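S.K.: Sharing a structure below in structure tokens format, with a few things to ask.
The values are calculated or read from the model by the stated rules, or taken from the named source; none is laboratory data. The structure displayed is predicted, hence computed values, not measured ones. Cβ: placed from backbone, ideal geometry, glycine included. Neighbour counts: every protein chain shown. Heavy atoms of the whole protein, side chains included, go into the accessibility calculation; ligands, DNA and RNA do not. Shrake-Rupley method; radii C 1.70, N 1.55, O 1.52, S 1.80 Å.
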Amino acid sequence: MGKSLPRVDAGVKVTGDAVFTCDIKVPRMLYGAILRSPHSHARILSIDTTKAEKLPGVKAVLTGQEVKDKGELQPGFEPVLAFDYVRFIGQGVAAAAAVDPHTAAEALKLIEVEYEKLPAVVDLSEAMREGSSLANTSAASNVSETQIYQWGDIEKGFREADYIREDKIDLQNVHVCYLETTVAVADYDRNGRLTFWSSTQIPETIQNGLAGILGLKPADVRVIVPYVGGAHSNKINVYSFMVITALLSQKCGRPVKLGLSREELLTEGRGTTPFIIRMKTGVKKDGTLTAMHCHLIAAGGPFPAPGVPGKRQSGGGWMSATYLPFPYRLPNIRFEGQTIMTNHVYGGQRGTGRTPIRIAYECHMNNIAADLNIDPVELRLCNALRTGDTAANGGKMHSCGLTGCLEQIAAKTRWKERRGKPGSGRGLGIACYNYHTGSSFNRISSAAFVHVHADGTATLITGHPELGNGAHTVLSQIVAEELGLRLEDVRVSAQIDTSVSPHDIGPTGSMGTHTTGNAVKAAADDARRQILKFAAERLGEKTKDLELKQGAIYLKSHPEKKIALFDLVRELSHRDGQPVLGKGTHTPEWEAISRETGNMKDVPPNACGAVVVEVEVDRETGHTELVKATVVHDIGFALNPALVEGQIEGQIHHGIGQALYEDHRTEVGRVLTSTFTDYRIPRSTDMPEVDISLLEIPDPRGPFGGKECAEGPQGGVAPAIIDAIYDAVGVRINSLPVTPEKIIQALKEKGASS
Amino acid sequence: MMYLPRFAYFEPETIEEACSLLSKGGGKARLLAGGTDLLVKMKRGLEKPESLISLNRIASLRGVHLVGDSLVIGALTTISQMVDSSLINEKAGILGQAAGMMALPQVRNRGTIGGNLCNASPAADTAPALIGLDSRVRMVGLTGERTIPLEKFFLGPGQTVLKSDEILTEISIPVPARDTGGSYQKLSPRHNDLATASAAAVLVMHPDSRVCEDARIVLGAVAPAVIRCYQSEQVLKGKAIDEEMIRQAARAAAEICRPVSDIRATAGYRKEMVLTLVKRAIGQALNQSRQLSSGGKML
């Protein structure tokens, strides 16, 4: 524990033996494909599938009319297939299953759809304008939701301020671009049971979601999840293509595989929503924050869903609001969030709703620091929440290493001597981040089984998919630690199968190591207790006098008195037919945040940190070259430091894309970035030198004191880059991505005004 | 998912055979070299040829050779081979430089010089350098062959002077005089992306007087085709180049270019960048020539 052990799945992934959903082939399997709307908004006048059905090799064609009674993906959400209107480019209007992918694609070409184009709106600002086209003709306005949260008294706070700063930050639509595109295999048997292979983060969500839509009992939906090739919070939902795959299988009575191509994913563009975030903050002369008024506008898709924006496509609303009280002491906050409908759909991203608020807040802090002529590190040190503090929404901070992270990063980067030489072309920028381990929005538990075998090895049976983040390695380390085994003697059940795997929250909300990790720890403890109890009987000693380590049970006082784990378990299981099967569960100790008020009592284990980025900016072309990214992260306790660093490196990568390159762009009737030629994610060659340090301020609730590292750091990357550009050439760009052209424009405006 | 449509496939072993297949195809046949442009377009439904004629079995179309005073590059030479070619890097460094700034290794390993030119993208990375080097292209058809300056090869985006039975077989570059300096400058969102704007400068300098005997300034991605800027060249030719002349030449180039606004950049930004790129290209070409000439003296 605490060592950078190699990943348990490294071998099979390097050799290509690891099985992903895209590798799954089952006998008699057909291939499905979806015909998609080329229009942003249109009425479907007719769909003629006659020719497609006649194409040899085509086994089924499905239209929206046939399946409209199946319901919507969630109440108020998009239908499985459009039947009356299409509301976004890429919305499914029909689907086909055929003997091979080629024939399925050919079949789509033979489906004739007549549309009547309707006015559409894809731009967030445009959608808010009085008299704008309606994204959904059944709604009276494009505003689908307004939410308000308030803590303290902002009027009083602003009265106490010596200075007030206002900022507006525009954030773009970005897609996480996992390596394995979304894919499913559905096998609907003739007894009405569905087996469903899925590349998902949360098998149970898929199980329950599909059961609900298809009118099945959850027990009749068996979801199997092999290795997942990346997910980044974008594979947590039941997507329409999954239901279509199941329905095609039902219609033909054969298994059907349906995968989305990169072009389809980038055309739909179900990434994070664009945001317009306005922040107005009062500050005292010494830098103390007194009040903030935050106004957030998020796009929410073309469906007027009731409910909470943060829970649905928008990613706005309360998830954003409830992150405002962190990580600075700010007693008076008012949040107003609006969700606006446009003819575009959105999905999850690392830190949905929270990363955007972090980016805006950190940019805002840097602007305040510049206005007040306070060093941005000092401004943060002056306001940082500390262990024992209570945040504005009542959240008690059980541990917070932010000041330590700031001090360490300032020393490492020689911040004081190197920052603040505007105009030099080279610059250093900073931002902080903060993230709660384990979602504070829900309170969901995980369970785990640990099976100790007669050969003295153990298998962890879990419902927790391996996304490529190393979860199975960390969970195996926990089992090895608790049972005194070597890591190589612990196996993880190869794939997740909801018919046998225990309940699991899934790797989402940065709670995998915490919630499932604690459950695994409990299960291993349970197995250990069973072993010690039997060993005590065999050795004629008391359980408390025994210990289990290095494959044997010893009498603590006389270690020569021992029994090999191998012998003990073999005897138990072979002679007595008694398996050693440890069971464990874990439910987060804290209460979920109140949806109504956004209040909380105990802040979950709080991870935080600081990012410093060094850039070089070409004044003549506006090009930004990243030189170095330094991160100091409060991890509580690093169960496997190499994996923690890997997570942070991945977020630096995502953050760079969001800051400089990625921008999913759509016009009415046209997607401009449907391939990797124009949707530009950073390549390995675009990564700067990376320097990551881990600070360990443990939280007793985390397994071994550990805290999250999977979502927080990303929030600091883009604002640190923006700040570094400012330090280099003296201009601040408040809209992402920061293109060379925006820098040149800002330099011109600055030149004109000075 | 996007799949290649059905097509007939031929693998001729001689240029004559390829020309005759191409002619028989009657405009519905396409030549296949590396496929990095064509196959992608076919998958996206932008090209629907009935047959593909692969040139990959015609060995004579490959390789870089010195023939007399010319560097001859077979049309099927890959971009990677050009990057690695010591002949190219010694005799025509700007071309090696440009090839190295094009795309990523996977594409460079497949993509060919002939394909890059015949695709006739205004943003093609090899074209400005090759025009800067005064290259000529040889085209072979059923009834004979012809050789023209590369500059006259492009008609517009995706359009060339190739006739329906003609194949681009090789590119020849007159080996530059010793004191020739060249530089290719390119702007793209990330390194080695499709160019937002690019400029090549090749300057032939008198070894003693340091007067510019000949100059070629070429722009990419800022007009319907790669274009040569005679006006800029006139500013430099016959003179000992100074800073003001460089600025003047750059301004002339910015006036000539006719960029469009697209997803990568606006026309205004591109025009402005032409100024910077041309200025930098001339500056670097001068530096290079100076280094060569002082290096020569040391010997």
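S.K.: Answer yes if at least one residue in segment A:403-423 is under 30 Å from A:GLU591 (Cα atoms) and of a type in the set (D, E, K, R), and no otherwise.
M.R.: So far as segment A:403-423 goes, no, none of its residues is under 30 Å from A:GLU591 (Cα atoms) and of a type in the set (D, E, K, R).
S.K.: State which residue is most open to solvent (accessible area, probe 1.4 Å) when the search covers only segment A:619-644 and only residues that are part of a strand (DSSP E or B) and within 14 Å of chain B (Cβ to nearest Cβ).
M.R.: Once the filter is applied, the top-ranked residue is A:GLU625.
S.K.: Taking the condition of being touching a strand residue (DSSP E or B) at 6+ places or on another chain (Cβ under 7 Å), open to solvent by 10 Å² or more (accessible area, probe 1.4 Å) and not β-branched (Val, Ile, Thr), how many residues in segment B:149-167 meet it?
M.R.: Keep residues of segment B:149-167 that are touching a strand residue (DSSP E or B) at 6+ places or on another chain (Cβ under 7 Å), which gives B:149-151, B:153-154, B:160-163, B:165-167.
From the residues that got through so far, the ones that are open to solvent by 10 Å² or more (accessible area, probe 1.4 Å) too are B:149, B:151, B:154, B:160-163, B:165-166.
Next, only the ones that are not β-branched (Val, Ile, Thr) stay: B:149, B:151, B:154, B:162-163, B:165-166.
Number of matching residues: 7.
S.K.: Sort out for me the strands (runs of 3 or more DSSP E) sitting completely within segment A:29-70 that have 2 or more residues that are under 18 Å from A:ARG254 (Cβ atoms).
M.R.: A:30-36, A:58-63
S.K.: Another question, if that's okay. Mind checking which residues of segment A:115-160 are open to solvent by less than 60 Å² (accessible area, probe 1.4 Å), closer than 21 Å to A:ALA298 by Cα and either more than 30 Å from the chain's Cα centre (by Cα) or among the β-branched types (Val, Ile, Thr) (or both)?
M.R.: Here is the first cut: in segment A:115-160, the residues open to solvent by less than 60 Å² (accessible area, probe 1.4 Å) are A:115, A:118, A:120-122, A:124, A:127, A:132-136, A:139, A:141-142, A:144-145, A:147, A:149, A:151-152, A:154, A:157-158.
Filter once more, keeping what is closer than 21 Å to A:ALA298 by Cα: A:120-122, A:124, A:127, A:132-136, A:139, A:141-142, A:144-145, A:147, A:149.
Of everything in segment A:115-160, those that are open to solvent by less than 60 Å² (accessible area, probe 1.4 Å), closer than 21 Å to A:ALA298 by Cα and either more than 30 Å from the chain's Cα centre (by Cα) or among the β-branched types (Val, Ile, Thr) (or both) turn out to be A:VAL121, A:VAL122, A:SER132, A:SER133, A:LEU134, A:ALA139, A:SER141.
S.K.: Do you know which residues across segment A:82-106 are assigned to a helix (DSSP H, G or I) and without any contact (Cβ under 8 Å) to a residue 40 or more places away in the chain?
M.R.: Matches in segment A:82-106: A:HIS102 only.
S.K.: Testing A:ALA104 on (1) modelled with pLDDT of 95 or more; (2) away from chain B (no Cβ under 14 Å); (3) under 16 Å from A:THR245 (Cα atoms), one condition comes back false. Which one is that?
M.R.: (2)
S.K.: Same structure again: For residues that are within 26 Å of A:LEU258 (Cβ to Cβ) and touching a helix residue (DSSP H, G or I) at 6+ places or on another chain (Cβ under 7 Å), scanning just segment B:1-47, find the one that is surrounded by the fewest Cβ atoms within 10 Å (Cβ to Cβ).
M.R.: B:LEU4
S.K.: Could you tell me how many of the residues in segment A:1-30 are crowded, with 16+ Cβ neighbours inside 10 Å and either of a type in the set (Lys, Arg) or touching a helix residue (DSSP H, G or I) at 6+ places or on another chain (Cβ under 9 Å) (or both)?
M.R.: 7
S.K.: Being within 14 Å of another protein chain (Cβ to nearest Cβ) and open to solvent by less than 40 Å² (accessible area, probe 1.4 Å) is the filter here; which residues of segment A:31-61 pass it?
M.R.: Answer for segment A:31-61, where residues must be within 14 Å of another protein chain (Cβ to nearest Cβ) and open to solvent by less than 40 Å² (accessible area, probe 1.4 Å): A:GLY32, A:ALA33, A:ILE34, A:LEU35, A:GLY57.
S.K.: If the requirement is being surrounded by 24 or more Cβ atoms within 10 Å (Cβ to Cβ) and either away from chain A (no Cβ under 14 Å) or in contact (Cβ under 8 Å) with a residue 60 or more places away in the chain (or both), which of these qualifies: B:ALA281, B:ALA240, B:ALA223, B:ALA252?
M.R.: B:ALA281
S.K.: Can we say A:ILE374 is hydrophobic (A, V, I, L, M, F, W, C), part of a strand (DSSP E or B) and over 19 Å from the mean Cα position of the chain (by Cα)? Full working, then the answer.
M.R.: Values: hydrophobic (A, V, I, L, M, F, W, C): yes; part of a strand (DSSP E or B): no; over 19 Å from the mean Cα position of the chain (by Cα): yes.
Judged against the criteria, A:ILE374 is not a match.
S.K.: Turning to a different aspect of this structure: Answer yes if at least one residue in segment B:146-167 is closer than 15 Å to B:ALA98 by Cα and modelled with pLDDT of 95 or more, and no otherwise.
M.R.: no
S.K.: Select from segment A:601-616 the residues that are more than 14 Å from every other protein chain (Cβ to nearest Cβ) and either more than 22 Å from the chain's Cα centre (by Cα) or part of a strand (DSSP E or B) (or both) and list them in ascending order.
M.R.: A:LYS601, A:ASP602, A:ASN606, A:ALA607, A:CYS608, A:GLY609, A:ALA610, A:VAL611, A:VAL612, A:VAL613, A:GLU614, A:VAL615
S.K.: Something else: Scanning segment B:255-272 for residues that are within 13 Å of another protein chain (Cβ to nearest Cβ) and within 20 Å of the chain's Cα centre (by Cα), which turns out least open to solvent (accessible area, probe 1.4 Å)?
M.R.: Within segment B:255-272, the match that is least open to solvent (accessible area, probe 1.4 Å) is B:ARG270.
S.K.: Is there a residue in segment A:360-367 that is of a type in the set (Ser, Thr, Tyr), farther than 20 Å from A:LEU324 by Cβ and touching a residue at least 40 places away in the same chain (Cβ under 8 Å)?
M.R.: Within segment A:360-367, none of the residues are of a type in the set (Ser, Thr, Tyr), farther than 20 Å from A:LEU324 by Cβ and touching a residue at least 40 places away in the same chain (Cβ under 8 Å).
S.K.: Also, quick follow-up: What about A:ALA718, is it touching a residue at least 40 places away in the same chain (Cβ under 8 Å) and assigned to a helix (DSSP H, G or I)? Outline the logic, then answer.
M.R.: Values: touching a residue at least 40 places away in the same chain (Cβ under 8 Å): yes; assigned to a helix (DSSP H, G or I): yes.
For A:ALA718, the condition - touching a residue at least 40 places away in the same chain (Cβ under 8 Å) and assigned to a helix (DSSP H, G or I) - is met.
S.K.: Related question: Given the residues B:GLU17, B:GLU13, which is the only one that is of a type outside the set (A, V, I, L, M) and in a helix (DSSP H, G or I)?
M.R.: Among B:GLU17, B:GLU13, only B:GLU17 is of a type outside the set (A, V, I, L, M) and in a helix (DSSP H, G or I).
S.K.: Would it be correct to say that A:THR677 is surrounded by fewer than 24 Cβ atoms within 10 Å (Cβ to Cβ), under 25 Å from A:LEU747 (Cα atoms), within 14 Å of another protein chain (Cβ to nearest Cβ) and of a type in the set (Val, Ile, Thr)?
M.R.: Spelling it out, it is not the case that A:THR677 is surrounded by fewer than 24 Cβ atoms within 10 Å (Cβ to Cβ), under 25 Å from A:LEU747 (Cα atoms), within 14 Å of another protein chain (Cβ to nearest Cβ) and of a type in the set (Val, Ile, Thr).
S.K.: Scan segment A:183-198 for residues that are buried (at least 24 other Cβ atoms within 10 Å of the Cβ) and among the polar types (S, T, N, Q) and jot them down.
M.R.: The one that is buried (at least 24 other Cβ atoms within 10 Å of the Cβ) and among the polar types (S, T, N, Q): A:SER198.
S.K.: What strands (runs of 3 or more DSSP E) lie completely within segment A:205-283 and have 1 or more residues being within 14 Å of another protein chain (Cβ to nearest Cβ) and surrounded by fewer than 21 Cβ atoms within 10 Å (Cβ to Cβ)?
M.R.: It comes to none.
S.K.: Counting only residues that are among the hydrophobic types (A, V, I, L, M, F, W, C) and within 14 Å of chain B (Cβ to nearest Cβ), which one in segment A:737-754 is surrounded by the most Cβ atoms within 10 Å (Cβ to Cβ)?
M.R.: A:VAL738
S.K.: What is the one condition in (1) open to solvent by less than 60 Å² (accessible area, probe 1.4 Å); (2) closer than 30 Å to A:ILE430 by Cα that A:GLU571 does not satisfy?
M.R.: The failed condition is (2).
S.K.: Output the number of the condition that B:ASN192 fails; it satisfies all remaining conditions of (1) within 14 Å of another protein chain (Cβ to nearest Cβ); (2) on the phi < 0 side of the Ramachandran plot; (3) open to solvent by 10 Å² or more (accessible area, probe 1.4 Å); (4) within 16 Å of the chain's Cα centre (by Cα).
M.R.: In the conditions (1) within 14 Å of another protein chain (Cβ to nearest Cβ); (2) on the phi < 0 side of the Ramachandran plot; (3) open to solvent by 10 Å² or more (accessible area, probe 1.4 Å); (4) within 16 Å of the chain's Cα centre (by Cα), B:ASN192 misses (2) alone.
S.K.: I'd like the residue in segment A:680-696 that is under 24 Å from the mean Cα position of the chain (by Cα), open to solvent by 50 Å² or more (accessible area, probe 1.4 Å) and touching a residue at least 12 places away in the same chain (Cβ under 8 Å) and, out of all such residues, is nearest to the other protein chains (Cβ to nearest Cβ).
M.R.: It comes out as A:MET687.
S.K.: Which condition does B:HIS65 not pass, out of (1) open to solvent by less than 50 Å² (accessible area, probe 1.4 Å); (2) more than 14 Å from chain A (Cβ to nearest Cβ); (3) within 25 Å of the chain's Cα centre (by Cα), if it passes all the others?
M.R.: Failing condition for B:HIS65: (1).
S.K.: Scan (1) outside any loop (DSSP other than H, G, I, E, B); (2) of a type in the set (A, V, I, L, M, F, W, C); (3) away from every other protein chain (no Cβ under 14 Å); (4) under 35 Å from the mean Cα position of the chain (by Cα) for the single condition A:ALA18 breaks and write down its number.
M.R.: Looking at each condition in turn, A:ALA18 falls short on (1).
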